[in-house]
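The values are calculated or read from the model by the stated rules, or taken from the named source; none is laboratory data. Being a predicted model, the structure only gives us computed values, none of them experimental. Backbone-built Cβ (ideal geometry, glycine too); neighbour counts: all protein chains shown. We work out accessible area using only protein heavy atoms, side chains counted, and drop any ligands, DNA or RNA first. Shrake-Rupley method; radii C 1.70, N 1.55, O 1.52, S 1.80 Å.
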Amino acid sequence: MDNRVTSPVDFFGYQPGADRKIARWDKIVEYFYKLESESEKLKVVNMGPSTEGNPFLAVFISAPQNIIKLDHYREVNKKITNPRGIEEKDIKQLVAEGKAIIVQSMSLHASEIGGTQMAPELAYDLISKSDDETSRILENVIFIMVPCFNPDGQLMVADWYEKWLGTKYEGCSLPWLYHKYAGHDNNRDAFALNLVESQYMAQLLFKEWFPHAFQDHHHMGSYGARFYIAPYCDPIRPYADPLVWRELSWYGSHMAYKLEEQGVSGVLNDAQYPAWGHFGFHWMTNHHNIAGMLTESASANLATPKYIEPKLLTGTNGKSFPKYEAQTNFPNPWKGGWWHLSDIVNQQKISSWSLLDIAARNRETVLWNAYQKAVRQTGRGANDEEYAYLIPAEQHDNLTVRKLIKLLLNQGIQVEIATTPVQVGAAKYPQGSYLVPLAQPKMGVIKNLLSRTLYPDNFFTSRINGESMAYDTAADTVAEYMGVEAIPLGNKFDGDFAVIHTLPDVAVRVDQGQLFAFDGRLNDSYKAANLLMAQKCPVSRSHSEMVVDGSIWPPGTFVATASQSTVAKVAEDTGVSFIGISKEQQCSAMTDIKPLRIGLFQRYWGGNADEGWSKLVLENFAFNYITIMDKDILSGNLHEKIDVLIIPSDEEAIFTDIKKATEGRAKMILQWFGDTVPPEYHSGVGKKGLQELCSFVENGGRLVTLNNSCNIAIEAFQLKVDNIVKNKSSKEYLTHGSTLWVNLDSSHDLCYGMPDKALVFNWDSPVLRVEDRFRAEQYQVFMRYAENNILQSGQLRGESLIAGQAAGIKVKRGAGDIILLAVPPQYRAQLHGTFKLLFNTLY
């Protein structure tokens, strides 16, 4: 041991993982900088501030001679993992020289505290030990550790735990989101990169280091296996190189072997977590040719030991782990009893070390296969029938096209721009359109993001009882999410293209004058309108078509009165062009708009990620809002604070009275929290709250309910609207995160800026039918599902059930109204194609 290096015990005053101790992130940061000052084997890089301003660290650990040459080894690995244009003999030399690059991240979900508590000890052991195994790791591996993926949440959880330590509520769960915007959804952001923490990780994984393996350390429920490790179980997501799936088995077997060797029981692999999950980091990496893994440790009560009654231990009711009993991938069941944070720290440390160990022992094999994956995937892309995707620059929302291109570039995907017009058969597309060729190492990522994707319906995607077993979204087709057309070309097209590494500057037009039209089809025009109204500039919208600059613009066109200098600054901020018009050019039907006072409902019970993402979307487009809690509704003076209340997607029982929950997520949350959380952090508006909502609307307020929250409004207001899928089983109705076609009334003010036909995101969402046979005119249906061919990507059971039925209804009630948006228009801040459905409710 190197006695010059401060141990975690000496620094923190206790062993990481000790009962009832959680080291705060600020102290852990201090410890890593101390290690850097004491050892040449460790380098700390502060990648920047987190969402709320805390340091986001990447810690590099390797032999001193490797640490001083990090830039060199990064360039070596970049050539190995993207070898186009390099001869094989040169690659062999690079493989002989290069190092295995391994990235592991800790505690992305902040309540899953083990990884971040383990990180200091893992780093200390690597830089202080001098045995042969450690030396081999340091010589052959560059280990990049992200000791805390969610610094903000780590501090929240640590402080919450400390607040209730020694009371009856010790170890209870944080009652609000442990990330300002995402909560538990932060790992679902890997492809969209809406969060700054995701952007840092993508920079490491996809643009700078291109590691050979990535492992993300998590926790799971307390009453199953003690530890899940790679590989995943079936089904697998298509388009990854087969070597990746073999690598997961290889790495996972070594970890399992080492865990058994060290006496750890309850280890499960090849079960519970399918290879087709959400496109989060540990899943998406496989399509980047990075062996992407996660570990899942059974949870304690944060740092408080948890006693597990043996008879409560259970399997998953899935086909890979149906019962809690020995099987080939679970040969040594844990017997039950006390479960400690130290158990979690120990097993995560063993698995982390084992991954580094196998990479070090097989360095050249790991590097050579990284080359093999890149070459094979490039070849598959060149031979794929789709060959390349053309993304026309001129689309319904040109600025959102640019956001998709930026997203692809941030994934490290090669994108080209047309330097001439592009001819595809009889169709011609303008110069400035974008081409994404599949003949590149990341073809698997491209196919999943841009190509139509259908979720399998087979033995592996159903439970023993026949119900669906999809882990998360059934597809992650981001171009569809964003309302952007990506045209699969085949290899028959003409045009000249140049590779781009950054987005070209947007061409913004700002005319002279004081009266300007700007395009209501652009999401960013709503931001522009909000910025102008914040400066007291009058803004109006057209109710019919109007001619602007020789073109016909649809209803919903914005018109602003402002100085040229004012709109020039807004144009610079948003990318929106401002076209000068005369008063005579305005259409005859114009309405002045004003920003409504927006309230966004927030609850406890762990928070609601849909509320968090809604905050991010509103802030990104300059909508001001205030948070509304139960007490604000119950106060009876809601109308004095707000004009419109948004209720993010939620279940009726959670919103009203969770103690009455009998099924679904509400029942699960009740089991998680129950009476373990202090009463001041309980939620539920009760009958009185529903009555206050009715009064708010009757007196002129607007209630906007998103997705499942439509059921709340239907019940509270006794609307003559039926959710026709409410009691359907997954055998009868199922989408689970799919894109479906709808028809919209683009002349309706709630559909301004939308095309007549669009894709919406549906996660087993309500499907509505107006049942009023006397005053049906009070129910305006502005969005309906298509009559046939409804599914674009994902899965759909029950097409005949939903065909032609309503997905959006505006209901008049007293002096106010209720907007039933029976799909999530802003889900995870990814659905740029339907943001306007939310925005239009806020004027």
Exercise for review: State all residues of region 793-809 that are in a helix (DSSP H, G or I) and open to solvent by less than 10 Å² (accessible area, probe 1.4 Å); if no residue qualifies, say none.
Suggested key: Ile802
Study note, to complete from the structure: Taking region 523-555 and keeping only residues that are of a type in the set (Asp, Glu) and either at pLDDT below 95 or farther than 24 Å from Leu596 by Cβ (or both), one is left with Glu545, Asp549
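Is one or more of the residues making up region 162-170 under 28 Å from Ile669 (Cβ atoms), in contact with a strand residue (DSSP E or B) (Cβ under 7 Å, 6 or more places away or on another chain) and in contact (Cβ under 8 Å) with a residue 60 or more places away in the chain?
Yes, the conditions are met somewhere in region 162-170.
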**Study point:** Cβ pairs under 6 Å, 6+ apart, first in region 756-774 and within 20 Å of Asp745 (Cα to Cα), second part of a strand (DSSP E or B) and among the aromatic types (Phe, Trp, Tyr)
**Key:** Val770/Tyr779
Study note, to complete from the structure: In region 457-500, anything part of a loop (DSSP other than H, G, I, E, B), closer than 23 Å to Gly315 by Cβ and open to solvent by less than 60 Å² (accessible area, probe 1.4 Å) is listed as Gly466, Met469, Ala470, Asp472
Revision key, fill the gap. Taking region 254-289 and the residues there that are assigned to a loop (DSSP other than H, G, I, E, B) and within 19 Å of the chain's Cα centre (by Cα), the one that is surrounded by the fewest Cβ atoms within 10 Å (Cβ to Cβ) would be Gly277
Practice item. May I ask you to list pairs of residues, at least six apart or on different chains, whose Cβ atoms are under 8 Å apart, with the first in region 213-236 being within 20 Å of Thr314 (Cα to Cα) and the second being acidic (Asp, Glu) and open to solvent by less than 20 Å² (accessible area, probe 1.4 Å)? Key: His218/Glu112; His218/Glu296; His219/Glu112; His219/Glu296; Met220/Glu296; Phe227/Glu296; Tyr228/Glu296
Point to revise | Ala240 vs. criteria in a loop (DSSP other than H, G, I, E, B) and touching a residue at least 24 places away in the same chain (Cβ under 8 Å) | key: yes
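Pick from Ala123, Ala96, Ala119: which is assigned to a helix (DSSP H, G or I) and in contact with a Pro (Cβ under 7 Å, 6 or more places away or on another chain)?
Ala119
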Point to revise | Residue identified as touching a residue at least 24 places away in the same chain (Cβ under 8 Å) and open to solvent by 30 Å² or more (accessible area, probe 1.4 Å) among Asn346, Asn329 | key: Asn346
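Give the number of residues within region 556-591 that are of a type in the set (Asp, Glu) and either open to solvent by less than 10 Å² (accessible area, probe 1.4 Å) or modelled with pLDDT of 95 or more (or both).
Qualifying residue count, region 556-591: 2.
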Review point. Can you tell me which residues in region 668-723 are part of a helix (DSSP H, G or I) and of a type in the set (Lys, Arg)?
Key: Lys687, Lys688
**Study point:** Within region 729-792, strands (runs of 3 or more DSSP E) holding 2 or more residues that are more than 30 Å from Met546 (Cβ to Cβ) and at pLDDT 95 or above
**Key:** 738-744, 757-762, 768-770
Exercise for review: Filter region 525-555 for residues that are part of a helix (DSSP H, G or I) and either aliphatic (A, V, I, L, M) or open to solvent by less than 10 Å² (accessible area, probe 1.4 Å) (or both) and give the result.
Suggested key: Ser525, Tyr526, Ala528, Ala529, Leu531, Leu532, Met533, Ala534
Exercise for review: Only residues that are touching a Ser or Thr at 6+ places or on another chain (Cβ under 6 Å), farther than 15 Å from Gly689 by Cβ and not in a loop (DSSP other than H, G, I, E, B): list them for region 601-657, please.
Suggested key: Asp610
Review point. Which one is surrounded by the fewest Cβ atoms within 10 Å (Cβ to Cβ) among residues in region 191-236 that are part of a loop (DSSP other than H, G, I, E, B) and among the charged types (D, E, K, R)?
Key: Asp234
Review point. Is one or more of the residues making up region 504-521 closer than 30 Å to Pro322 by Cβ, touching a His at 6+ places or on another chain (Cβ under 8 Å) and either buried (at least 18 other Cβ atoms within 10 Å of the Cβ) or not β-branched (Val, Ile, Thr) (or both)?
Key: no
Review point. Does region 107-129 include one or more residues that are touching a strand residue (DSSP E or B) at 6+ places or on another chain (Cβ under 8 Å), buried (at least 18 other Cβ atoms within 10 Å of the Cβ) and among the aromatic types (Phe, Trp, Tyr)?
Key: no
Study note, to complete from the structure: When region 1-46 is checked residue by residue, the ones that are at negative phi, open to solvent by less than 40 Å² (accessible area, probe 1.4 Å) and either of a type in the set (Gly, Ala, Ser) or touching a strand residue (DSSP E or B) at 6+ places or on another chain (Cβ under 7 Å) (or both) are Ser7, Ala18, Ala23, Val29, Phe32, Leu35, Ser39, Leu42, Val44
Practice item. May I ask you to say which residue of Ala426, Ala418 is open to solvent by 10 Å² or more (accessible area, probe 1.4 Å) and small (Gly, Ala, Ser)? Key: Ala426
Review point. Just one of the numbered conditions (1) assigned to a helix (DSSP H, G or I); (2) under 30 Å from Ser462 (Cα atoms); (3) charged (D, E, K, R) is not true of Lys323; which one?
Key: (1)
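Given the structure, is Pro648 open to solvent by less than 10 Å² (accessible area, probe 1.4 Å) and either among the charged types (D, E, K, R) or closer than 23 Å to Ile819 by Cβ (or both)?
So Pro648 fits the description; yes.
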Review point. Which of the residues spanning region 611-624 are touching a strand residue (DSSP E or B) at 6+ places or on another chain (Cβ under 7 Å) and more than 14 Å from Lys527 (Cα to Cα)?
Key: Glu611, Ser614, Lys615
